[in-house]
Amino acid sequence: METIQKRRLDSEMFGENGRLYFVDLLRGKNNKPYLQITRSDFKAKEKYERSSVILFEDDFEFFVEAVAMVLRRYSYGEGRPA
């Protein structure tokens, strides 16, 4: 079985204060890339709670467009609490 390190095409990590985000571009078993975004929250006694979202290659363009639209509206003051 292939390890995740061998399937990982690229990766970024950011966060602070016990909350980390990982953005990984991975190669699937079908050799197509997919994006995995994982949030890891530190809990008591060296335990972490993780949640992930997986986006397949066919959805990359739609995801990037949706994030750009939301951030654009936010930057112009739309969608912010008064």
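We did not get these values from a lab; they are worked out from the coordinates using the rules stated. Since the structure is predicted, the reported quantities are computational estimates derived from the model, not experimental observations. Virtual Cβ from ideal backbone geometry, glycine too; neighbours counted across all protein chains shown.
Of note:
- Of all residues in region 46-73, those being β-branched (Val, Ile, Thr), part of a helix (DSSP H, G or I) and exposed (fewer than 11 other Cβ atoms within 10 Å of the Cβ) number 1.
Residue-by-condition table, conditions (1) over 12 Å from the mean Cα position of the chain (by Cα); (2) acidic (Asp, Glu):
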residue	(1), (2)
ILE4	yes, no
LEU20	no, no
ASN30	yes, no
TYR34	no, no
ASP41	yes, yes
SER51	no, no
PHE62	yes, no
GLU78	yes, yes
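- Matching residues in region 11-45 - criterion: being surrounded by fewer than 10 Cβ atoms within 10 Å (Cβ to Cβ) and aliphatic (A, V, I, L, M): ALA44
- Whichever residue in region 27-42 is part of a strand (DSSP E or B) and among the polar types (S, T, N, Q) and, among such residues, is nearest to ASP58 (Cα to Cα): GLN36
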